[in-house]
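Heads up, the thing below is written out as structure tokens.
The values are calculated or read from the model by the stated rules, or taken from the named source; none is laboratory data. Computed from a predicted structure; not experimentally measured. Here the Cβ positions follow ideal geometry from the backbone for every residue, glycine too, while neighbour counts run over all protein chains shown. The accessibility values were calculated without ligands, DNA or RNA, using every heavy atom of the protein model including side chains. Shrake-Rupley method; radii C 1.70, N 1.55, O 1.52, S 1.80 Å.
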Amino acid sequence: MRPSLSIEFRRQYERVLREHPQWHDPDDRRALLHVLRDHEIWDDLDFHDKPKAAGGRLLDLYETHGPAPFRAVLSALRDGQTAPEYLREIDLLAGELRVCERRTRRDWKGDLYLGLTYFNRNDAPIFFGRDAEVERLIHTLTQTEQGRRFCVVVGASGSGKSSLVRAGLWARLTDGDVLDIPGSERWLISAMTPLRLGSPDASLRSSLTTALEEHDGFRAKVDLAAGLDHVPLGELAERLLPPGEARWLLILDQMEELFSADRKAESISFLDRLLEGTRPLPGGKPSRFQVLATLRADFLQHCLDPDHKPLQRALQHEGGQFWLSAPGRRDLEQMVRGPVTELDLPRPWTLDPDLPSEMAAEAWSPGGLALLAFALRELYDRCLAEGRRHLDLGVYRSPDFGGLGGAIARRADATLAGFGESGPGTMGRVFSRLVRVSQNDSPTRRRESRSAWEGDHESEKFIDAFVHARLLVADDLVIEVAHEALLREWPTLARWIDERREAFGIEASVRVEAHAWMEAGAHWRRAWNDELIDARRRKLAEADLLNNLLRDPAVDQFLRPELDWILAELQDDATTHQRRRDIGQRLAVIGDPRPGVGVISGVPDIVWRAVPGGEVDIEKHGRFVVKLFHMAAYPITFGQFRAFLEAEDGYDNERWWKDLESKDRDSAWQDPLTNHPVTDVSWYDAMAFCRWLSARLAIEVRLPDEREWQWAAQSAQPDDVYPWGPEWLAGRANTNESGIRRTTAVGMYPQGNSLQRVSDLAGNVWDWCLNEYAKPKRVQAGGTESRVLRGGSWNGSQDNARAGSRGSSPPDFRYYNIGFRVVCSSPIADH
């Protein structure tokens, strides 16, 4: 016989119901009581008009069928406690009753606790303590006639959003265990994280393909996923789903990934597409595409951005928010106790009766859920390793375990210590790719492809160790931090992040600037000057952030070091003559690194290019045979000639002037543009230089005979007129047509090089040749006969720049458009 309740107790309980704000809302009351449909009391409960009567009958049912903890509350009520003190307990115990009514004992053969990783739908049997929240979420999704088509579960980091959606809701939908959503077992459910495969669209396609392959009823439609980019999602759902009420539910987990600054445009486009897919189809038919997202609460501001009004409207005006609070102490206790007491295990486990309450008391604080999850797994593993299938409160309290607070830090520090002195550096290389820090938001995790550390064996070992410690998680494709609690609770990593906060801010701004620059057309002028870029590169490199950042092609171009940048710019046909002039002058200021342009240890650095032999026709002088020789890649520069001037055995040494006419030094030779071709040199000056350089290099260095010069300028091709071919091509040489009106640095027109990669054979400066103009076969040093000039110059026409065009001047003549280059016919392999 059911015991009766005193009139006074009923009066107190009825007062509690009257004061409870949700009790008088029929929908909320129905959500609380709908699990009682299988009981005889259901037919007697009138939700709309008689909440007091319904409450009385519910109390009778609790007294008869309720679990033991509820009876303890009944005793407290009889003792006259006031309503506010036990109102929360009634809510929690109502949830417990629903669990008792719905949950049946299930077999379980896996680990009892997962640690920091979220519970997936297959982990539902060990997912405890969140049944009331699952019921609230179901109610939110079904509270309108067509249900919430776009809903975001919002909660603090570590509140269990992913687990609630996956192991709570998804598992129940798949089992058809939702009374208000009949037929949910026939739904198509896919889950994605936005950037798992690099872009939201790629991740969506992959998640849909996986869902189709895993569901027998949809495997035949896998090919339809290939058309994902071209079909509205609402229409695609119609193609994928059978006739009826089935839906395609997309779980968009960790939605905050979409709000990184460098992905704003891409993210808005993706979210617009999702939102549009949830809208009614043409003709007004409700869409069968539905989105359920999870979002960290500190990123909610991004959803309310006026720049994205559809998302703002969905969350603010269409009720698309579901707030998930941290679990209460009773929930936390159930998370500790449930896997041990509520499952059928191959070998039973036990636990100390006081362990759940003690762990729950420590975890009942912001972020405590993640700490509890990790500590539970640590304790579970410790007891298992000791051969005891008993969760021991003594072990939990022991100094070497340290309770809840230090479990994550202790495991992380111990794992890091295993790498000795190399640990901190390796940690930087790993976590620089796994952490994202923006200016206004707290640190978040980001996933990275395994290939990012390919070849870095120490980092690969570090990752494996932290995966084994369950602080990182990995699959065949990507690595990520197991939970953002690691970023907060491991002091070593938290300090590392704080020390690099400025660099992380620079990283974010670089991504924004680089992508904006690319979208604007990626021209050769950058928003930042070269000094700022160099400073940014140094700061990012010091913080271990540069290498990962440079994997983004836009950033790689935007942040190229100035030298790499301007040398690459030279290879672009679209680079103007004026810009080539400026590049050469800039290289002279910052130091031209190109081989063959400068001086090494006081000796000109000559890059030799081999020119094969052949036959060449000299205008009005017939055909000449040319033997294999080597020509300098560039004309001699001011810097190289100045080495001759400054050497103790150089310009002033009479040894080099036999049969030559020496003159005073020219003031032009002090030009600061050291990478420009030397000018104002006579034929005599050039000859003396060659004799000095021959002695320094121990090989025969000389001026080219004009037959050699012409053959090189024809690229050793009988029919070519210019180094690049038979026709004049604008933009290949510095001649009068360029409009520069002065010399450029050597090698500023790589597109104008010969096939043998010799530069400036057309334009820039005339080159002295060895032989006399009137008698090409005469190459001796003596005499005052005019010597040959070849190649044209900056103030000569394109006709002068022809390979066959001949010019001449007296050997003592100096002028601002005349320079020279050198050749060598000796073996030069060692030089």
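Table: residues versus (1) touching a helix residue (DSSP H, G or I) at 6+ places or on another chain (Cβ under 7 Å); (2) crowded, with 18+ Cβ neighbours inside 10 Å; (3) in a loop (DSSP other than H, G, I, E, B).
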position	(1), (2), (3)
Val395	yes, yes, no
Pro399	no, no, yes
Gly403	yes, no, yes
Arg410	no, no, no
Gly425	no, no, no
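Sub-9 Å Cβ pairs linking a first residue in segment 666-690 that is free of Cβ contacts under 8 Å to residues at least 12 places away in the same chain to a second residue that is charged (D, E, K, R), at least 6 apart or interchain, are Ser667/Asp680, ordered by first then second residue.
Contact map, segment 333-346: first residue within 19 Å of Ala370 (Cβ to Cβ) and at pLDDT below 95, second residue assigned to a helix (DSSP H, G or I) and charged (D, E, K, R), Cβ cut-off under 9 Å, separation 6 or more or different chains; pairs are Gln334/Glu96; Gln334/Asp131. Taking helices (runs of 4 or more DSSP H) as the structural unit, those lying wholly within segment 118-234 and holding at least 3 residues that are among the hydroxyl-bearing types (Ser, Thr, Tyr) and farther than 29 Å from Gly367 by Cα correspond to 200-214. Within segment 763-780, being under 23 Å from Gln640 (Cβ atoms) and either basic (Lys, Arg) or in contact with a helix residue (DSSP H, G or I) (Cβ under 6 Å, 6 or more places away or on another chain) (or both) holds for Trp768, Cys769.
Scanning segment 574-617 for residues that are of a type in the set (Asp, Glu) and under 25 Å from Leu693 (Cα atoms) gives Asp592, Asp605. Go over the candidates Leu188, Leu179, Leu173 one by one and state the one that is within 30 Å of Leu332 (Cβ to Cβ), touching a His at 6+ places or on another chain (Cβ under 7 Å) and touching a residue at least 24 places away in the same chain (Cβ under 8 Å). Of the residues listed, the single one that is within 30 Å of Leu332 (Cβ to Cβ), touching a His at 6+ places or on another chain (Cβ under 7 Å) and touching a residue at least 24 places away in the same chain (Cβ under 8 Å) is Leu179. Yes or no: Arg501 out of contact with any helix residue (DSSP H, G or I) (no Cβ under 6 Å at 6 or more places or on another chain), at pLDDT below 85 and open to solvent by 20 Å² or more (accessible area, probe 1.4 Å)? Here the answer is no, as Arg501 does not meet what is asked.
Annotation note: of Ala745, Ala730, Ala712, the sole residue that is under 25 Å from Thr679 (Cβ atoms) and at pLDDT below 95 is Ala730. Consider segment 790-826 and keep the residues that are outside any loop (DSSP other than H, G, I, E, B) and open to solvent by 10 Å² or more (accessible area, probe 1.4 Å). The one that is farthest from Trp683 (Cα to Cα) is Arg806.
The C-beta contact set for segment 640-659 (first residue closer than 11 Å to Asp685 by Cα, second residue assigned to a helix (DSSP H, G or I) and open to solvent by 30 Å² or more (accessible area, probe 1.4 Å), distance under 8 angstrom, 6+ apart or interchain) comprises Trp656/Arg691.
Could you check how many residues of segment 771-780 are surrounded by 15 or more Cβ atoms within 10 Å (Cβ to Cβ) and assigned to a loop (DSSP other than H, G, I, E, B)?
Total satisfying the criteria: 3.
If I filter segment 446-468 for residues that are among the acidic types (Asp, Glu), at pLDDT 90 or above, out of contact with any helix residue (DSSP H, G or I) (no Cβ under 6 Å at 6 or more places or on another chain) and open to solvent by 40 Å² or more (accessible area, probe 1.4 Å), do I get at least one hit? Checking segment 446-468: at least one residue is among the acidic types (Asp, Glu), at pLDDT 90 or above, out of contact with any helix residue (DSSP H, G or I) (no Cβ under 6 Å at 6 or more places or on another chain) and open to solvent by 40 Å² or more (accessible area, probe 1.4 Å). For segment 427-435, indicate whether the set of residues that are closer than 22 Å to Thr492 by Cβ and open to solvent by 40 Å² or more (accessible area, probe 1.4 Å) is non-empty. Yes; the residues of segment 427-435 include at least one that is closer than 22 Å to Thr492 by Cβ and open to solvent by 40 Å² or more (accessible area, probe 1.4 Å).
Scanning segment 739-752 for residues that are buried (at least 24 other Cβ atoms within 10 Å of the Cβ) and in contact with a His (Cβ under 6 Å, 6 or more places away or on another chain) yields Thr743, Ala745. Here Arg707 meets each of (1) surrounded by fewer than 22 Cβ atoms within 10 Å (Cβ to Cβ); (2) in contact (Cβ under 8 Å) with a residue 40 or more places away in the chain with one exception, condition (1).
For segment 244-295, the set of residues classified as assigned to a strand (DSSP E or B) and either at pLDDT below 90 or among the hydrophobic types (A, V, I, L, M, F, W, C) (or both) consists of Trp248, Leu249, Leu250, Ile251, Leu252, Phe289, Val291, Leu292, Ala293, Leu295, listed by residue number.
Number of residues in segment 608-630 that are open to solvent by 50 Å² or more (accessible area, probe 1.4 Å), in a strand (DSSP E or B) and over 20 Å from Ile699 (Cα atoms) equals 4. Summed over segment 661-682, the residues that are open to solvent by 20 Å² or more (accessible area, probe 1.4 Å) and farther than 16 Å from Val599 by Cα give a count of 9. When Glu266, Glu276, Glu257 are screened for being open to solvent by 70 Å² or more (accessible area, probe 1.4 Å) and under 25 Å from Asp552 (Cα atoms), only Glu266 passes. Say whether the condition of being of a type in the set (A, V, I, L, M, F, W, C), in contact with a strand residue (DSSP E or B) (Cβ under 8 Å, 6 or more places away or on another chain) and either open to solvent by less than 20 Å² (accessible area, probe 1.4 Å) or under 23 Å from Leu770 (Cβ atoms) (or both) is met by at least one residue in segment 719-732. Checking segment 719-732: not a single residue is of a type in the set (A, V, I, L, M, F, W, C), in contact with a strand residue (DSSP E or B) (Cβ under 8 Å, 6 or more places away or on another chain) and either open to solvent by less than 20 Å² (accessible area, probe 1.4 Å) or under 23 Å from Leu770 (Cβ atoms) (or both).
For the structure I just gave you, tell me whether Tyr113 is of a type in the set (Ser, Thr, Tyr), at pLDDT below 85 and either closer than 20 Å to Pro356 by Cα or outside any loop (DSSP other than H, G, I, E, B) (or both).
On the way: of a type in the set (Ser, Thr, Tyr): yes; at pLDDT below 85: no; either closer than 20 Å to Pro356 by Cα or outside any loop (DSSP other than H, G, I, E, B) (or both): yes.
It is false that Tyr113 is of a type in the set (Ser, Thr, Tyr), at pLDDT below 85 and either closer than 20 Å to Pro356 by Cα or outside any loop (DSSP other than H, G, I, E, B) (or both).
Among the residues of segment 380-393, what is the count of those that are open to solvent by less than 70 Å² (accessible area, probe 1.4 Å) and aliphatic (A, V, I, L, M)? Total satisfying the criteria: 2. When Asp556 is tested against (1) over 30 Å from Gly752 (Cβ atoms); (2) under 17 Å from the mean Cα position of the chain (by Cα); (3) not aromatic (Phe, Trp, Tyr), exactly one condition is not met: (1).
Every condition in (1) within 27 Å of Gly613 (Cα to Cα); (2) modelled with pLDDT under 95; (3) among the small types (Gly, Ala, Ser) is met by Gly792 except one, and the failing one is (2).
State all residues of segment 291-342 that are under 30 Å from Gly244 (Cα atoms) and in contact with a Phe, Trp or Tyr (Cβ under 7 Å, 6 or more places away or on another chain); if no residue qualifies, say none.
Within segment 291-342, Val291, Ala314, Gly320 qualify.
Once segment 359-376 is narrowed to residues that are open to solvent by 30 Å² or more (accessible area, probe 1.4 Å) and of a type outside the set (A, V, I, L, M), the residue that is nearest to Arg296 (Cα to Cα) is Pro366.
Residue check: is Pro356 touching a helix residue (DSSP H, G or I) at 6+ places or on another chain (Cβ under 8 Å), free of Cβ contacts under 8 Å to residues at least 40 places away in the same chain and crowded, with 23+ Cβ neighbours inside 10 Å?
Details: touching a helix residue (DSSP H, G or I) at 6+ places or on another chain (Cβ under 8 Å): yes; free of Cβ contacts under 8 Å to residues at least 40 places away in the same chain: yes; crowded, with 23+ Cβ neighbours inside 10 Å: yes.
The answer is yes for Pro356.
Residue count for segment 172-189 satisfying the condition of being among the small types (Gly, Ala, Ser) and surrounded by 21 or more Cβ atoms within 10 Å (Cβ to Cβ): 1.
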